[in-house]
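Peer 1: Before I ask anything, let me first share the structure, which is written out below as structure tokens.
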Amino acid sequence: MPLFRFVFDEGEGLDAITPIAFPDHEAAIDAAHKAARESLIDAVIEGYDPTTWVVRIYNEPGELLKTIFVSDLLRTKTE
């Protein structure tokens, strides 16, 4: 399975996740959306303003596949 890397930019630096294997890029993007929602919940509980946070998903060669803006999760209905 191909490896994908998530990079969380929470305004105070970047947190990169060790590459994780997913069957395809759609599964990786779905997992990144879930991780972004969980970050949003944690931020609110801890009193942070996550509206500028982003999660970027990269494939194995390092190409950016998608950027998830956490603020967009506040405006859209989640599954």
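Peer 1: Restricting attention to the stretch 35-71, which residues are surrounded by fewer than 16 Cβ atoms within 10 Å (Cβ to Cβ) and hydroxyl-bearing (S, T, Y)?
Peer 2: If the condition is that a residue be surrounded by fewer than 16 Cβ atoms within 10 Å (Cβ to Cβ) and hydroxyl-bearing (S, T, Y), then Y48, T51, T52, T67, S71 are the ones that fit.
Peer 1: Considering I57, I45, I68, I29, which residue is over 9 Å from the mean Cα position of the chain (by Cα) and among the hydrophobic types (A, V, I, L, M, F, W, C)?
Peer 2: Result: I45 is the single residue among I57, I45, I68, I29 that is over 9 Å from the mean Cα position of the chain (by Cα) and among the hydrophobic types (A, V, I, L, M, F, W, C).
Peer 1: Here are some conditions: (1) at pLDDT 90 or above; (2) touching a strand residue (DSSP E or B) at 6+ places or on another chain (Cβ under 8 Å). A35 meets all but one. Which one does it not meet?
Peer 2: (1)
The values are calculated or read from the model by the stated rules, or taken from the named source; none is laboratory data. Quantities reported herein were computed from a predicted structural model and do not represent experimental measurements. In this analysis, Cβ positions are derived from the backbone assuming ideal geometry, glycine residues included, and neighbour counts consider all displayed protein chains.
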